[in-house]
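Student: Dropping the structure in here first, questions after.
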Amino acid sequence: MNDDDARHREKMAKRKAVQDAEVASKNIEKGLLIVHTGPGKGKTTAALGLVLRMLGRGHRVGVVQFIKGAWDTGEARALKTFGDRIAWHALGEGFTWETQDKARDIAACRNAWETARALMADESIRLLVLDELNIALRYDYLDLDAVVAELQARRPDLHVVVTGRNAKPALIEAADLVTEMGSVKHHFSAGVKAQEGIEF
């Protein structure tokens with residue numbers, strides 16, 4: 001073994017010891033409140049990655065879509081093949097600029113929240129994605145304090161992922177993990193339309 005290899009091995013052995021000690025110091029196990037927010041693409045995509053991971057571990061999951069409606073999406077098609085291991089509810093009626101009907105949007109969001117509450121109470125669900133809930137909260141279609149209180153009071157083993165731009169500070173404060181998706185470059189700005197398998 002040459003000197004470079006020996007130095008590298010010694011450096012990595014020290015790094016491993018630090019990492020192992022760090023991992024060993026973590027001993028809390030709990031359901032997480034996770035928020036995916038920010039102006040960049042990928043918030044729902046990341047949440048659905050967690051859905052797939054949880055399904056791969058043999059657990060049951062739920063998805064409630066607050067704004068997105070009856071779109072024919074690739075993820076809905078794929079995940080519905082898991083049968084009753086996934087409770088999929090696309091309860092939105094489209095983006096607010098499409099519906100142009102505030103009362104209808106509020107009613108749809110309230111219905112979606114009631115479905116979410118029922119899924120939070122379902123002990124067979126291990127992970128619940130509340131897709132675009134941040135949008136409903138941003139427009140005050142739901143009571144922020146009440147939603148945050150119920151998310152905090154959920155059963156201790158339930159993971160919840162909330163997606164959507166402009167997460168409210170109260171939700172960020174309550175969350176265990178918050179990731180902000182940044183927007184560096186987006187093909188839509190260059191005139192590229194939404195494409196099958198990428199956007200839907």
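Student: Got at least one residue in the range 55-69 being open to solvent by 30 Å² or more (accessible area, probe 1.4 Å), at pLDDT below 95 and of a type outside the set (A, V, I, L, M)?
Tutor: no
Student: So, one more: I need every pair where a residue in the range 65-76 that is under 11 Å from residue 132 (Cα atoms) has its Cβ under 6 Å from the Cβ of a residue that is buried (at least 18 other Cβ atoms within 10 Å of the Cβ) and among the β-branched types (Val, Ile, Thr), sequence separation at least 6 or different chains.
Tutor: Once the first residue is under 11 Å from residue 132 (Cα atoms) and sits in the range 65-76, its partners that are buried (at least 18 other Cβ atoms within 10 Å of the Cβ) and among the β-branched types (Val, Ile, Thr) give 67/135.
Student: If you don't mind, another one. When both residues are 6+ apart or on different chains and their Cβ atoms are under 7 Å apart, which pairs have a first residue that lies in the range 31-49 and is at negative phi, and a second that is assigned to a loop (DSSP other than H, G, I, E, B) and open to solvent by less than 10 Å² (accessible area, probe 1.4 Å)?
Tutor: As it stands, the answer is 31/158; 37/164; 43/164, since those pairs meet every condition given.
Student: Restricting attention to the range 1-31, report how many residues are among the small types (Gly, Ala, Ser) and either open to solvent by 100 Å² or more (accessible area, probe 1.4 Å) or under 30 Å from residue 156 (Cβ atoms) (or both).
Tutor: Of the residues in the range 1-31, 4 are among the small types (Gly, Ala, Ser) and either open to solvent by 100 Å² or more (accessible area, probe 1.4 Å) or under 30 Å from residue 156 (Cβ atoms) (or both).
The values are calculated or read from the model by the stated rules, or taken from the named source; none is laboratory data. Bear in mind the structure is a predicted one, so any value in this text is a computation, not a measurement. We place every Cβ from the backbone using ideal geometry, glycine too, and count neighbours over all the protein chains shown. The area values use the complete protein model at the heavy-atom level, side chains included, leaving out ligands, DNA and RNA. Shrake-Rupley method; radii C 1.70, N 1.55, O 1.52, S 1.80 Å.
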